[in-house]
Amino acid sequence: MVAQSDDPVAGNDVDRVRVSTPALELTPPARLGVLLEQEEGDLRITGFSEDSAARDAGLQTGDQLRAIDHERLTRLPDLRLALWRRVPGDTLTLTIARGAVEQTLVLTLR
């Protein structure tokens, strides 16, 4: 639809066009389902959400997140970037430290 402009600055010789596009359905963000604390280069799990993929994969409170798909995690922004293009249902390899022992787990994001 084209409508004549009522903008006094532009004058009456400017046309405006309204374009409508269909609404996009956005995929919900992928979630590990963990509550984290960042301390001295470590991301430590302090709790879990109700429907936590991480807890179901065997993670525990106190575990440290070390890497996602072999990409080192030291800060919360590292985790956000690692999950940026992920969608629920994606699987990833998560490296954690539990005490002095490092472990690798595979989990499916929700």
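If I take the Cα coordinates of the chain and project them onto the principal axes, what are the three extents in Å, biggest first?
Each principal axis gives a Cα extent; for the chain these are 74, 29, 25 Å.
Based only on other Cβ atoms within 10 Å, what is the fewest-to-most ordering of Ser49, Ser20? Before the final figure, lay out each step's value.
Numbers: Ser49 14, Ser20 6.
Listed from fewest to most nearby Cβ atoms, that is Ser20, Ser49.
Evaluate the relative contact order of the chain (contact order divided by residue number), counting alpha-carbon pairs under 8 angstrom at least 6 apart; express in whole percent.
Numbers: 196 pairs, mean separation 24.4, N = 110.
Over the chain, the number comes to 22 percent.
Could you give me the ³J(HN,Hα) list for segment 42-55, computed from phi with Karplus coefficients 6.51, -1.76, 1.60 and θ = phi - 60°, whole Hz, x at Gly and Pro?
So the Karplus estimates, Gly and Pro as x, are 10, 10, 10, 6, 10, x, 9, 6, 4, 10, 8, 5, 5, 5 Hz.
Name the long-range amide H neighbours of Asp63: under 5 Å, sequence gap of 5 or more, or other chain; modelled H, no Pro or chain starts.
Ile45
Measuring from label point to label point, each 7 Å out along Cα→Cβ, what is the Val101 to Arg75 span in nm?
Each label point lies 7 Å from its Cα, and together they span 3.2 nm.
Modelling each spin label as a point 7 Å along the Cα-to-Cβ direction, I'd like the Thr108/Trp84 distance in nm, to one decimal.
Using points 7 Å along Cα→Cβ, the separation is 2.7 nm.
Give me P(r) over segment 28-89, computed from all C-alpha to C-alpha distances, binned every 5 Å, as integer percentages.
The percentages, shortest bin first, are 4, 18, 28, 30, 17, 2, 0.
Here, each number is a calculation from the coordinates, and none is a lab measurement. In this text, all values refer to a predicted model and were calculated from it rather than measured experimentally. Counting neighbours? That spans all protein chains shown, and the Cβs are built from the backbone with ideal geometry, glycine included.
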